[in-house]
Amino acid sequence: MDQASIETILRQATDALGRRDASAVRALLQPLAGPTAIPPVLFLLAQACRVDSDGEGELAAIDRLLALQPHHLGGLLMKGAALSRAGHEDGAIAPYQMALAIAEQARRSGQNLPPMLASEVNRAAQWVERHIAERAARIDDALPQEGFGPGKRSEAIDEALAVLRGDA
């Protein structure tokens with residue numbers, strides 16, 4: 001398929017996604033979603049799967065996208081969100097933190113993220129902060145129950161807890 005045809009299909013799929021017509025997006029992208037799929041196809045496909053509440057399909061498309069472009073900001077944000085929605089909060093931290101690092105690097109180099117993407121980055125930052133605080137609190141509650149309260153644990157454990165909280 002030539003580049004002009006691919007671009008036409010991508011525009012049509014984007015329009016269909018805007019209408020939240022995930023079935024149309026998936027039908028349009030199916031011929032392009034084979035083993036040689038390009039990142040824009042995989043990103044749109046992941047979004048269509050999300051609209052369809054197909055978490056498995058969404059993660060599969062995102063994983064293929066990230067295999068091609070490991071620093072794809074939108075893909076990392078989607079992966080974190082998909083894992084979180086699936087109840088894998090601890091698994092969501094890594095893609096979210098990678099996305100936050102990429103967004104910060106872009107900001108430092110003077111690049112402005114599109115408003116929608118910037119909003120997703122802010123949402124991810126709040127999620128990570130909240131999740132780390134909740135996880136640290138669970139650990140802080142569990143340690144004394146196991147006999148490792150303050151003053152009864154090694155300096156290494158206290159240092160690890162500080163790292164977990166982002167204090168070190």
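Tally up the residues in the stretch 8-34 that are farther than 19 Å from Ile62 by Cα, open to solvent by 80 Å² or more (accessible area, probe 1.4 Å) and not polar (S, T, N, Q), please.
Number satisfying all stated conditions: 3.
I'm trying to understand the selection: among the residues of the stretch 76-90, which are open to solvent by 40 Å² or more (accessible area, probe 1.4 Å) and over 18 Å from Leu44 (Cα atoms)?
If the condition is that a residue be open to solvent by 40 Å² or more (accessible area, probe 1.4 Å) and over 18 Å from Leu44 (Cα atoms), then Arg85, Ala86, Gly87, His88, Glu89, Asp90 are the ones that fit.
How many residues does the stretch 122-168 hold that are more than 25 Å from Leu73 (Cα to Cα) and aromatic (Phe, Trp, Tyr)?
Residues flagged as more than 25 Å from Leu73 (Cα to Cα) and aromatic (Phe, Trp, Tyr) within the stretch 122-168 amount to 1.
Per-residue answers, yes or no, for (1) in contact with a helix residue (DSSP H, G or I) (Cβ under 9 Å, 6 or more places away or on another chain); (2) farther than 27 Å from Ala125 by Cβ:
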residue: Asp2; (1), (2): no, yes
residue: Arg26; (1), (2): yes, yes
residue: Leu45; (1), (2): yes, no
residue: Gly55; (1), (2): yes, no
residue: Arg64; (1), (2): yes, no
residue: Leu73; (1), (2): yes, no
residue: Gly80; (1), (2): yes, no
residue: Arg85; (1), (2): yes, no
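Looking only at the stretch 92-113, count how many residues are closer than 15 Å to Gly75 by Cα and not β-branched (Val, Ile, Thr).
The total comes to 11.
Can you run down the residue pairs with Cβ atoms below 9 Å, 6 or more apart or on separate chains, where the first is in the stretch 26-39 and touching a residue at least 24 places away in the same chain (Cβ under 8 Å) and the partner is of a type in the set (S, T, N, Q)?
Taking only residues 6 or more apart or on different chains, the pairs are Pro39/Gln69.
Just one of Gln126, Gln97 is open to solvent by 80 Å² or more (accessible area, probe 1.4 Å) and more than 24 Å from Ser53 (Cβ to Cβ); which is it? Break it down into steps so the answer makes sense when it comes.
Numbers: Gln126 fails: more than 24 Å from Ser53 (Cβ to Cβ).
That would be Gln97, the only listed residue that is open to solvent by 80 Å² or more (accessible area, probe 1.4 Å) and more than 24 Å from Ser53 (Cβ to Cβ).
Find the residue count for the stretch 91-138, including only residues that are more than 17 Å from the chain's Cα centre (by Cα), under 30 Å from Gly149 (Cβ atoms) and free of Cβ contacts under 8 Å to residues at least 24 places away in the same chain.
Result for the stretch 91-138: 3.
The values are calculated or read from the model by the stated rules, or taken from the named source; none is laboratory data. Since the structure is predicted, the reported quantities are computational estimates derived from the model, not experimental observations. All Cβ positions, even for glycine, are placed from backbone atoms using ideal geometry, and neighbour counts span all protein chains on display. Protein only, heavy atoms only, side chains kept; ligands, DNA and RNA dropped before computing areas. Shrake-Rupley method; radii C 1.70, N 1.55, O 1.52, S 1.80 Å.
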